1. What list of ³J(HN,Hα) couplings, whole Hz, do you get for the range 77-86 from phi and the Karplus terms 6.51, -1.76, 1.60, once you set θ to phi - 60° and write x for glycine and proline?
2. Considering just Cα atoms, how many Å³ per residue does the convex hull of the range 18-111 enclose?
3. Could you give me the ³J(HN,Hα) list for the range 63-74, computed from phi with Karplus coefficients 6.51, -1.76, 1.60 and θ = phi - 60°, whole Hz, x at Gly and Pro?
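Read the figures in this text as sums done on the coordinates, not as results from a lab. The shown structure was predicted, so the numbers you read here are calculated from the model rather than taken from an experiment.
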Amino acid sequence: MINQPTHEIPDTPAPDNVRARVLLACSYAALGDSANAIVELENALAYGAEDASTLFNAACTFGLLGRKAEALSTLKRAVQNGYWHFDSIARDPDFTILHDEPEFLQLIGTQNR
């Protein structure tokens, strides 16, 4: 008998693996499962995500999900923790919902000077 690979997402990834949770949230969002994406993002942030790239990915996922406030606050945390690719932030389609937000414009404008 040949074992067929399953494409099921594990029920419980390592609870303290913040990066894995954010990537899982991205996968859920891409599949259109916003409820599980939000759960994983909230869990990741509750475990103290501090890595700038992980926070950036979380902010992107919030943006994809249309969650403006969470996208902006998480993006600000990413910048505070060292994320510095401001040109890519400005062009990233995940942040389209933020392009008219004064705080977003100030964040990328201040950092590009």
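1. 5, 4, 5, 4, 9, x, 5, 10, 7, 5
2. Numbers: hull volume 7.2 nm³, N = 94.
Considering the Cα atoms of the range 18-111, their hull volume per residue is 77 Å³.
3. x, 4, 7, x, 9, 4, 4, 5, 4, 5, 5, 6
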